[in-house]
Amino acid sequence: MNLNRKTALIVEDNNQNRLLCHDLLESKGYEVFEASTGMEGWKLAFKHHPDVILMDIQLPDVSGTEVTNWLKKEETLKDIPVIAVTIFSSPSDRKKILSEGCDGHIPKPISVRNFVQTVEFFSAQSAEGQRNA
Ligand code: MN
């Protein structure tokens with residue numbers, strides 16, 4: 001593994017959305033890990049400790065907000081930014097999702113520019129946190 005390369009974890013059960021996120025992140029130089037269930041995402045977060053996590057909310061096993069809450073209770077994982085990527089996109093949905101523990105929010109359908117800008121913003125914060133640790 002190249003320690004200088006940024007890493008991202010995508011937790012998304014829809015193949016098309018996962019592929020789109022994967023391609024966008026890869027085009028920005030990220031090493032990408034993928035999970036299609038909440039439990040798998042939980043395990044991969046521990047395994048890879050990514051710089052940023054893209055979290056679908058509607059997953060087949062547990063909700064993305066639930067997984068996020070588990071992550072935020074872990075001392076070693078709580079500082080990883082979790083960005084919800086979701087069809088719940090109204091201002092009140094966004095507010096609710098952020099109040100439930102996610103750090104950021106990207107509405108679906110995904111806008112390429114918004115996706116890339118949001119991910120870069122949070123992964124830069126993540127890198128900053130690691131430097132100051
Ligand atoms: Mn889903």
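The values are calculated or read from the model by the stated rules, or taken from the named source; none is laboratory data. Note that the structure is a prediction, hence the values are computed from the model and not measured. We place every Cβ from the backbone using ideal geometry, glycine too, and count neighbours over all the protein chains shown. The accessibility values were calculated without ligands, DNA or RNA, using every heavy atom of the protein model including side chains. Shrake-Rupley method; radii C 1.70, N 1.55, O 1.52, S 1.80 Å.
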Do the conditions hold for Asp13, that is, is it open to solvent by 30 Å² or more (accessible area, probe 1.4 Å) and under 21 Å from Glu120 (Cβ atoms)?
-> no
For the subset of region 33-85 comprising residues that are within 14 Å of the ligand (Cβ to nearest atom), of a type in the set (A, V, I, L, M) and assigned to a strand (DSSP E or B), which member is nearest to Glu128 (Cα to Cα)?
-> Leu54
Residues of region 101-126 being of a type in the set (Gly, Ala, Ser), within 19 Å of Lys6 (Cα to Cα) and open to solvent by 40 Å² or more (accessible area, probe 1.4 Å), which ones?
-> Ala124
Can you name every residue in region 7-23 that is within 13 Å of the chain's Cα centre (by Cα) and either more than 14 Å from the ligand (Cβ to nearest atom) or among the aromatic types (Phe, Trp, Tyr) (or both)?
-> Thr7, Ala8, Leu9, His22
Looking at region 78-100, which of the residues that are within 18 Å of His49 (Cβ to Cβ) and touching a Ser or Thr at 6+ places or on another chain (Cβ under 9 Å) is surrounded by the most Cβ atoms within 10 Å (Cβ to Cβ)?
-> Val82
